[in-house]
1. Starting from residues that are among the hydrophobic types (A, V, I, L, M, F, W, C) and out of contact with any Leu (no Cβ under 7 Å at 6 or more places or on another chain), keep the ones in the range 110-123 and report whichever is farthest from residue 64 (Cα to Cα).
2. Between residues in the range 71-85 that are touching a residue at least 24 places away in the same chain (Cβ under 8 Å) and residues that are of a type in the set (S, T, N, Q) and crowded, with 16+ Cβ neighbours inside 10 Å, which pairs lie under 8 Å by C-beta distance while being six or more apart or on different chains?
3. When you go through (1) of a type in the set (Gly, Ala, Ser); (2) surrounded by 21 or more Cβ atoms within 10 Å (Cβ to Cβ); (3) in contact with a helix residue (DSSP H, G or I) (Cβ under 8 Å, 6 or more places away or on another chain) one by one for residue 173, which number turns out not to apply?
4. Kindly list the number of the only condition in (1) surrounded by fewer than 20 Cβ atoms within 10 Å (Cβ to Cβ); (2) assigned to a helix (DSSP H, G or I); (3) basic (Lys, Arg) that fails for residue 83.
5. Just checking, does the range 154-174 include any residue being at pLDDT 90 or above, in a helix (DSSP H, G or I) and over 26 Å from residue 261 (Cα atoms)?
6. Note down all Cβ pairs under 7 Å where the first residue falls in the range 1-17 and is among the aliphatic types (A, V, I, L, M) and crowded, with 18+ Cβ neighbours inside 10 Å, the second is modelled with pLDDT under 95 and in a loop (DSSP other than H, G, I, E, B), and they're at least six residues apart or on different chains.
7. Go through the range 60-108 and give me each residue that's over 13 Å from the mean Cα position of the chain (by Cα), among the charged types (D, E, K, R) and under 23 Å from residue 170 (Cα atoms).
8. Only one of 210, 203, 261 is more than 29 Å from residue 54 (Cβ to Cβ), buried (at least 18 other Cβ atoms within 10 Å of the Cβ) and either touching a Lys or Arg at 6+ places or on another chain (Cβ under 7 Å) or not aromatic (Phe, Trp, Tyr) (or both); which?
Amino acid sequence: MEKIFIDENINILTGNDAEKALEQMNDKKYLSDNNGIIQVSKKRWESAQKAEKKHWLAKGTSSIDDRNIYHSNQFHNYSSLKKAKFSHALEIGSGPFTNLRIIGTKCKIEKCTLLDPLITEYLNHPYCSYNENHLVLDKKPRISKILKKVSPTLFSYLKTNFFSRIQIDQLISLPLEEADLTKPYDLVVMINVIEHCYDINKVFNNILKVTPKGSYFIFEDKLYDQEKIKKEISTNYDAAHPLKVDKSVIENFLNKNFKPVYKNVKTNRTEFQNQVIIWDDIYYIGKRDS
């Protein structure tokens, strides 16, 4: 298998260049005995944040969606939440676009809090879906995606004058591990976030602190396997994605604390740098029952 090394500036090295870089920098020291990579140093995480910032605020300023539409499709357009009402939603790792902009068109959400370490900088992204006061909902995201490309001026006019909105309660510019969240949320959204964190135990503990019994948790992430992780970190390094958590850790957390309302495990296949990559994603909506 060809070696791949992606640094914090999103430079991609392959072959001998990648092999040399991997000798100097890799994630082998973070691998646990059975649970994958569940914790990394703050320095390693800060490197990941530099890569994330570079991706969205330097190379990705023309981007208008972070697979949010794709994720919505895998959740069957959040149909299991149709007509539900929530007083306060929290999205963890919202990015510049959010998943709540789509979820909020399927159910009633009175206000929301967005948490992301880079959130104050994402406000400067040309297609950010929120400001300090409101999150703009996107009832027809596919049409919006086309319109943004074809006529950004018209899209901005329609967005400002006709799109529904959710009041922003807080924008929190911190990793979840360090956020002192004191308010309860009856809806928590965490989609494609774990790989961007630095301590899965702190992440899961903080989720439990803010989800009272009866609250809903919308979750998506990769289901890694310990043995595959061992092989992957020997041949690959991706600065932007430090954590690789074994599926048993995720499944135990969900099964212990939530009753499933919706669950879909999807096997994916793609090619990158002449490599075929296969992995499973879990799409899960659960109701807190403990």
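The values are calculated or read from the model by the stated rules, or taken from the named source; none is laboratory data. Computed from a prediction, not measured in an experiment: that's the story for all the values here. Ideal geometry is used to build each Cβ from the backbone, glycine not excepted, and the neighbour counts take in all protein chains shown.
1. Kept after step one, since they are among the hydrophobic types (A, V, I, L, M, F, W, C), are these residues of the range 110-123: 112, 114-115, 118-119, 123.
This time we only want the ones that are out of contact with any Leu (no Cβ under 7 Å at 6 or more places or on another chain), so: 118, 123.
Working: 118: 17, 123: 13 Å.
Across the range 110-123, the extreme among qualifying residues is 118.
2. 71/99; 71/192; 72/99; 78/72
3. Among (1) of a type in the set (Gly, Ala, Ser); (2) surrounded by 21 or more Cβ atoms within 10 Å (Cβ to Cβ); (3) in contact with a helix residue (DSSP H, G or I) (Cβ under 8 Å, 6 or more places away or on another chain), the lone unmet condition for residue 173 is (2).
4. Exception for residue 83: condition (2).
5. No, the range 154-174 contains no residue that is at pLDDT 90 or above, in a helix (DSSP H, G or I) and over 26 Å from residue 261 (Cα atoms).
6. 4/273
7. 85, 101, 106, 108
8. Working: 203 fails: more than 29 Å from residue 54 (Cβ to Cβ); 261 fails: buried (at least 18 other Cβ atoms within 10 Å of the Cβ).
Criteria check complete, one pass: 210.
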